[in-house]
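Novice: The following block contains the structure, expressed as structure tokens.
Each reported figure results from applying straightforward, stated rules to the coordinates on display, with no laboratory input. Please read all numbers here as calculations on a predicted model, not as lab measurements. Here the Cβ is made from the backbone with ideal geometry for all residues, glycine too, and neighbour counts use every protein chain on show.
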Amino acid sequence: MATAQIALFLVVVTVSQFRFTVADCDAVPIEKWGGSPLNRSKELSRPVKIAVVQHTVTPECSTDAECEEAVRFIREMQIKNGFDDIAQSFVVGGNGKVYEGAGWKVGAHTFRWNEKSIGISFVGDFREKLPSPQALQAAQKFLECSVGNKNLDEKYHLVGHLQLTATISPGAELQNLIETWPHWLRDVSILN
Ligand SMILES: *[C@@H]1O[C@H](CO)[C@@H](O)[C@H](O)[C@H]1NC(C)=O
């Protein structure tokens with residue numbers, strides 16, 4: 001019994017270390033900021049072909065402590081509202097860090113598109129201003145890196161949330177900006 005428990009313990013330790021050492025393009029793992037593993041299990045089929053840019057409409061954050069707190073708050077609210085776990089695939093803080101949410105599991109960020117896309121969401125409200133330069137750079141680097149490790153298709157399409165569903169997300173200012181980014185797709189009617 002004791003031996004079995006030790007063996008199980010070692011397996012758990014090994015698996016969790018593996019998760020922490022295989023850096024997912026520097027995204028902060030959910031166990032690290034959220035204190036518990038993700039309660040979502042369905043894998044996205046990869047490489048993913050669509051990345052949806054969103055905003056959280058929660059207060060902005062700029063320090064690591066504030067941003068972790070912000071992402072924890074978002075996760076808690078969503079669980080309270082009946083979601084299995086955090087809705088967004090990834091969340092970008094004003095501190096320039098990308099936080100793993102649902103990650104490469106199917107999330108709940110974009111009505112009708114959850115099985116086919118990742119939702120990458122900036123902490124804040126970007127109707128009338130832009131995210132911090134650090135946040136913008138972190139998101140772009142993350143997308144590029146995700147192409148590099150084949151989680152995202154090399155010909156992936158970048159779209160604003162409002163292009164796929166009735167919402168103001170990611171905010172007009174941020175939408176205008178992403179329309180200048182590589183991979184941005186104007187005509188979403190070609191998506192399926
Ligand atoms: C995970 O989600 C299920 C609903 O699909 C829920 O019943 C369960 O309580 C959740 N588990 C945790 C640890 O939150």
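Novice: Checking residue 76 against (1) free of Cβ contacts under 8 Å to residues at least 12 places away in the same chain; (2) crowded, with 21+ Cβ neighbours inside 10 Å, which single condition isn't satisfied?
Specialist: (2)
Novice: Of the conditions (1) closer than 19 Å to residue 97 by Cβ; (2) over 14 Å from the mean Cα position of the chain (by Cα); (3) in a helix (DSSP H, G or I), residue 147 fails just one. Which one is it?
Specialist: (1)
Novice: Kindly list the number of the only condition in (1) surrounded by fewer than 19 Cβ atoms within 10 Å (Cβ to Cβ); (2) assigned to a strand (DSSP E or B) that fails for residue 120.
Specialist: (1)
Novice: May I pose another question? Considering (1) within 16 Å of the ligand (Cβ to nearest atom); (2) on the phi < 0 side of the Ramachandran plot; (3) buried (at least 19 other Cβ atoms within 10 Å of the Cβ), say which one residue 160 fails and leave the rest.
Specialist: Against the list (1) within 16 Å of the ligand (Cβ to nearest atom); (2) on the phi < 0 side of the Ramachandran plot; (3) buried (at least 19 other Cβ atoms within 10 Å of the Cβ), residue 160 comes up short only on (1).
Novice: With (1) under 23 Å from residue 34 (Cβ atoms); (2) surrounded by 19 or more Cβ atoms within 10 Å (Cβ to Cβ) as the list, and residue 171 as the residue in question, which single condition is left unmet?
Specialist: Among (1) under 23 Å from residue 34 (Cβ atoms); (2) surrounded by 19 or more Cβ atoms within 10 Å (Cβ to Cβ), residue 171 violates only (1).
Novice: Identify, by number, the condition in (1) free of Cβ contacts under 8 Å to residues at least 40 places away in the same chain; (2) part of a loop (DSSP other than H, G, I, E, B); (3) away from the ligand (no atom under 16 Å from the Cβ); (4) of a type in the set (Gly, Ala, Ser) that residue 62 doesn't meet.
Specialist: Against the list (1) free of Cβ contacts under 8 Å to residues at least 40 places away in the same chain; (2) part of a loop (DSSP other than H, G, I, E, B); (3) away from the ligand (no atom under 16 Å from the Cβ); (4) of a type in the set (Gly, Ala, Ser), residue 62 comes up short only on (1).
Novice: OK, next. Taking segment 73-91 only, how many residues are in a strand (DSSP E or B) and either in contact with a His (Cβ under 8 Å, 6 or more places away or on another chain) or of a type in the set (A, V, I, L, M) (or both)? Explain how you work it out, then say what you get.
Specialist: We begin by selecting, within segment 73-91, every residue in a strand (DSSP E or B); these are 90-91.
With either in contact with a His (Cβ under 8 Å, 6 or more places away or on another chain) or of a type in the set (A, V, I, L, M) (or both) added as a condition, the list becomes 91.
Selection size over segment 73-91: 1.
Novice: Now, a different point. Identify all residues within segment 36-50 that are within 12 Å of the ligand (Cβ to nearest atom) and either in contact (Cβ under 8 Å) with a residue 12 or more places away in the chain or closer than 25 Å to residue 183 by Cβ (or both); write none if there are none.
Specialist: 38, 39, 40, 41, 42
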